[in-house]
């Protein structure tokens, strides 16, 4: 049923004919026949029926024929495992052939035949070949160990092949060394803790010697392997760097990038005042620049990596701005990357040139490129204060072009400039207002509305302008609606007499006529604020905004460190850690840069390294736009002000890191709070402010508001107490997790049960199984007075550091306020990690289900569930568990379902529902079977709620 | 890296699964994915579908695609794909659909030898040709042995090469890259040099190349004559990099036949050798008038050959009229260009070209880019940087005398002058 052949079948007549030819006595005819078979195979025809006949041709002294038969075997052995055994004898014989080419061919092919039964027979020949006198055979055998390990790891370990492979690192032939290193690295990758590559100064020395002699590819394997080593001290680090730098002159770009990786990593250990450190920095620039003359794809990889390098060590390329100027014939992906790097390198010294270039680009035709160029001008203004004025006038020039998307892009960035330099450039507002009508993109409209609202007192006709937007309120995107609501409230607070009607209009539009819960919530809050305490409203809505900071789009420091360790690889191209895109990367190891050499001691401990990195004051970041889930009271939607977590005392930061990074177990006992008991607890009460008496006709509205808060769609467990007040000096935290509109949120109620006011809240997560991390700071804008509660929604992302937890969905959290730092742990329902595009195609599902070994399947019972299969399917869909197919066999419904976790792991499920039987059976299959238990719990929770 | 496939349109020509961790059917997602990216104008050399990542390059009308589900070394993958193109081109002259189909047996053999389990192996086509031949049928088994070269430290040259007359031809080629702003200021300029060898030497000769390298002169305390500062030098596999790093000696055993020994980049401010001033006036709905002045800014004794000045014109221009003080102007409508060709352009001279085009009264409302003016030329017997081959020492144990021949040429590289229209 799952075996729909993808290949067109060769018609029976043709097969018959080939069969006859294959069995012919004439050598030439035989060979021609095998060629025809391979040709059919190449175009995707199924010629597996000829298996025995082709295998019969294997015993030949004709090398070309032999190669073809081997090729055929590699393709079809897996589908015909029993017959593949027939080939074993010939393989074993060929492994002893006097011609090394044939010995190597046999051992290479055997490794490619991924049939379990054959592997046993492979061991003896492989053992001989690993000790063969001919280096060509040895280098092929070395790779074969990695192949065999991929099929049957246990066997390789039992047979002692790993030790033989390690011995080959000392082989006299450089190519053998290189392949042995490659094979060991590959094996080590799947066994992070095996300590296979126990690199010590002796082996390092051998590798460095082989580096000078082996092929370009071998050099890459060796350099990539060296990058995993942590030198003992700065002297060793320097001596390795000295021996690696000559590779920067290699013609192959990949060799250069791998060498750059080693140098960037080991440089961390060199004291900055060392002369050699400066020399090394100088040596790195020219080869990086030369990479830009390579083929466009290699340029792209180089640029993505340079982007990381300039963030880590801006001094390397600070004088090389010109090489990043865009050429007319650069492919678009190269252009966009160059632009990014130009902004990063922009400084007072070169800003004039950069601006001239950016202005040139802004008149190009490629829309994406032009937009990015305009945005870049704004970023320059924010980054280089001295240039702000020039940037603004450049932007005004561009607005005069009246090219629609240029104008819109310019307005978006000018808004940011206002935020950075308040009371400086507001004179341009008039020009901006002229272009109001041409704005058709939500982001630009929202930006313009923000400007009008923020500077309402300086714009005579602000009320008219905002009113004009109000007409089509319901056609606007949420972003614009929210902004409009806020802007009109601001206007009202500034000019209350003339705008009462307007504000009532917008409040009723937002609260009564809208389906959007965010909009309604915000509407209610404003309404209540305005009706209860206008003075407070003024304080909240017109509060002074913190300045946005200069550096933009920086990669978070720990991630950057990890990416630097992956220079040249896909991770460095995606700017994502490998764990984010490599499926089932079990026990992923996060690479880190070695600690800096200053202190000298305890360099081995990876934690000190990261702590040092973090303490370098995390730079503030403007997150990408569209983050609608910022706190309701954060009035300026884009870009939300995130100056990192509110400035914590660095002592606390360090302390927290240490505790969380190191011996967690001691904490867990102390923290282990209330997860089990919590499930039954009633949902947390409405926050105190909400239950206060409401004036006028707002009571009924409030009731409505109560309903809005209910979870819609995805299942979210009720709030439970995570941190009891007695353990946290009066701070009580209860909370839950939810997934709303594709965003994972942590929803918390903070209650102050102490006698004094609490302020300065901040939150941090420990490393966890899925890299959950706060997407922004904890937004508690007002101090929390005694006996007051506040509801906080914290959007989360999954790009944080990863560490496997027990149980898998355990999350350890540190919350800080002005009193102390508190720790607790909680468990999140894994269903909130199920992403929206988790529906597999049917075909893929079938293939994947078959492909995942049966060992990975787990079965569970869900008791006492009274839904029928369709209702269950609907309910599950709300939590992104998608039903792909349904079959009914003898009154039993079988639902085939799929879901995908944020880290790309797929889980496949078969849910069996028998009419009238309240007990479901569920089978889960996943390449990472550890998640099954949690997935099952989520099923149970979703179905029963 | 799991597999390399070559695809033509929707149809996979040939593929090789090296690791068995990516389903061969995954490649079916490639073309739709590429088309989707193209439509969105976000073409990118890396694309992913589910857990599979595609890294691809395009060669004429073939796509060479590598697939992986690991965190592979991306730069290695692209280097390897370009190496594949190089090897196949050396084997089949052209790499195209037909040459793959006609030679699929050799292609499979090569794919087998070039990479094993995702690790690139022997990729030197000269060495490969010694044991993987297109006339495999004619070879007896006994003859087909692995050349020891494959695994030798000197993996690029076979033993036992013989020539009657021992000679080396050295070509020093410098390409000028220039980017000039519309207002005539030079935004960036550099020289990319390349030293190419054609080696016809017997045995295993040791070669040493001497250049007027400033760093070397400084090291040896010599300071006579003109020297050159090379910003970044890249060498062929054969050059002993650690030797160069320590005492700037370029010593090597050369590959046989043609090869690129080294390349270098010089970041000095070069005066653009051919300077272009242009006035392009566009009168909407009626005409475009172009005036281009070209000036040779190099020594009077030198001559630039085959100079081509390519001036962009609007795509809807018609009825071209030209006037030139020398050379020939031609309208190339399919590229929206006027190409002004001057066979021989002596240094210090100045030439003029005028062109006139009509424009339709109904305007093309599609936005057009602002392509720059580009220039092509070559100037023999001359290098801009002043780099010189001071000596080439050739030592072979049989003690033969060999002659080095040196040629110099300067040519245009990426030579762009932005216009104001």
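The values are calculated or read from the model by the stated rules, or taken from the named source; none is laboratory data. All values derive from a computational prediction rather than experimental measurement. Cβ coordinates were reconstructed from backbone atoms using ideal geometry, including for glycine residues, and neighbour counts include every protein chain displayed.
Determine whether residue A:326 is outside any helix (DSSP H, G or I) and either more than 9 Å from chain B (Cβ to nearest Cβ) or closer than 26 Å to residue B:419 by Cβ (or both).
Yes.
Would you mind stating whether residue A:781 is at pLDDT 85 or above and closer than 22 Å to residue A:521 by Cα? Against the criterion (at pLDDT 85 or above and closer than 22 Å to residue A:521 by Cα), residue A:781 does not qualify.
With respect to residue A:404, is the statement that it is surrounded by fewer than 21 Cβ atoms within 10 Å (Cβ to Cβ), within 26 Å of residue A:483 (Cβ to Cβ) and more than 27 Å from the chain's Cα centre (by Cα) true? So residue A:404 passes the test. Could you please let me know if residue A:311 is under 26 Å from the mean Cα position of the chain (by Cα) and buried (at least 21 other Cβ atoms within 10 Å of the Cβ)? When the stated conditions are applied, residue A:311 does not pass them.
Of A:939, A:896, which residue is assigned to a helix (DSSP H, G or I), touching a helix residue (DSSP H, G or I) at 6+ places or on another chain (Cβ under 9 Å) and closer than 30 Å to residue A:768 by Cα?
Result: A:939 is the single residue among A:939, A:896 that is assigned to a helix (DSSP H, G or I), touching a helix residue (DSSP H, G or I) at 6+ places or on another chain (Cβ under 9 Å) and closer than 30 Å to residue A:768 by Cα.
Taken over segment A:857-878, the criterion of being within 29 Å of residue B:23 (Cα to Cα) and in contact with a strand residue (DSSP E or B) (Cβ under 6 Å, 6 or more places away or on another chain) is satisfied by A:857, A:858, A:859. Exactly one residue out of A:600, A:595, A:587 is away from every other protein chain (no Cβ under 14 Å), surrounded by 21 or more Cβ atoms within 10 Å (Cβ to Cβ) and either at pLDDT 90 or above or over 30 Å from residue A:423 (Cα atoms) (or both), and it is A:595.
Across segment A:126-171, the qualifying residues are those that are in contact with a helix residue (DSSP H, G or I) (Cβ under 8 Å, 6 or more places away or on another chain) and in a loop (DSSP other than H, G, I, E, B), and the one among them that is farthest from residue A:208 (Cα to Cα) is A:152.
Is it fair to say residue B:226 is in the same structural domain as residue B:255 (by the TED database), surrounded by fewer than 17 Cβ atoms within 10 Å (Cβ to Cβ) and touching a strand residue (DSSP E or B) at 6+ places or on another chain (Cβ under 7 Å)? If you could, list the steps in order and put the result at the bottom.
Details: in the same structural domain as residue B:255 (by the TED database): yes; surrounded by fewer than 17 Cβ atoms within 10 Å (Cβ to Cβ): yes; touching a strand residue (DSSP E or B) at 6+ places or on another chain (Cβ under 7 Å): no.
Criteria not met by residue B:226.
Within segment B:193-232, the set of residues being more than 30 Å from residue B:397 (Cα to Cα) and either more than 14 Å from every other protein chain (Cβ to nearest Cβ) or in a helix (DSSP H, G or I) (or both) comprises B:214, B:215, B:218, B:221, B:222, B:223, B:224, B:225, B:226, B:227, B:228. Scanning segment B:1-48 for residues that are touching a helix residue (DSSP H, G or I) at 6+ places or on another chain (Cβ under 6 Å), modelled with pLDDT of 90 or more and more than 10 Å from chain A (Cβ to nearest Cβ) yields a single hit, B:47.
In summary, strands (runs of 3 or more DSSP E) completely within segment B:233-287 and bearing 2 or more residues that are within 14 Å of chain A (Cβ to nearest Cβ) and over 30 Å from residue B:309 (Cβ atoms) occur at B:250-252, B:257-266. Within segment A:332-374, the set of residues being within 19 Å of residue B:185 (Cβ to Cβ), within 12 Å of chain B (Cβ to nearest Cβ) and in a helix (DSSP H, G or I) comprises A:352, A:353, A:354, A:356, A:357, A:359, A:360, A:361. If we scan segment A:801-813, do we find a residue that is in a helix (DSSP H, G or I) and either over 24 Å from the mean Cα position of the chain (by Cα) or within 25 Å of residue A:578 (Cβ to Cβ) (or both)? No, there is no match, as no residue in segment A:801-813 is in a helix (DSSP H, G or I) and either over 24 Å from the mean Cα position of the chain (by Cα) or within 25 Å of residue A:578 (Cβ to Cβ) (or both). Picking from residues in segment B:317-334 that are under 29 Å from the mean Cα position of the chain (by Cα) and in a strand (DSSP E or B), the one that is nearest to residue B:354 (Cα to Cα) is B:329.
Output the residue which, of all residues in segment B:49-74 that are more than 27 Å from the chain's Cα centre (by Cα) and facing another protein chain (nearest Cβ under 7 Å), is surrounded by the fewest Cβ atoms within 10 Å (Cβ to Cβ).
B:51
Within segment B:145-181, the set of residues being surrounded by 16 or more Cβ atoms within 10 Å (Cβ to Cβ), farther than 30 Å from residue B:229 by Cβ and modelled with pLDDT of 85 or more comprises B:157, B:158, B:166. Residues in segment B:170-192 that are away from chain A (no Cβ under 11 Å) and more than 20 Å from the chain's Cα centre (by Cα): B:180, B:184.
The rows are residues; the columns are (1) free of Cβ contacts under 8 Å to residues at least 12 places away in the same chain; (2) part of a helix (DSSP H, G or I); (3) surrounded by fewer than 20 Cβ atoms within 10 Å (Cβ to Cβ).
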| position | (1), (2), (3) |
| --- | --- |
| A:209 | yes, yes, yes |
| A:213 | no, no, yes |
| A:219 | no, yes, no |
| A:222 | no, yes, no |
| A:238 | no, yes, no |
| A:241 | no, yes, no |
| A:255 | no, yes, no |
| A:263 | no, yes, no |
| A:266 | no, yes, no |
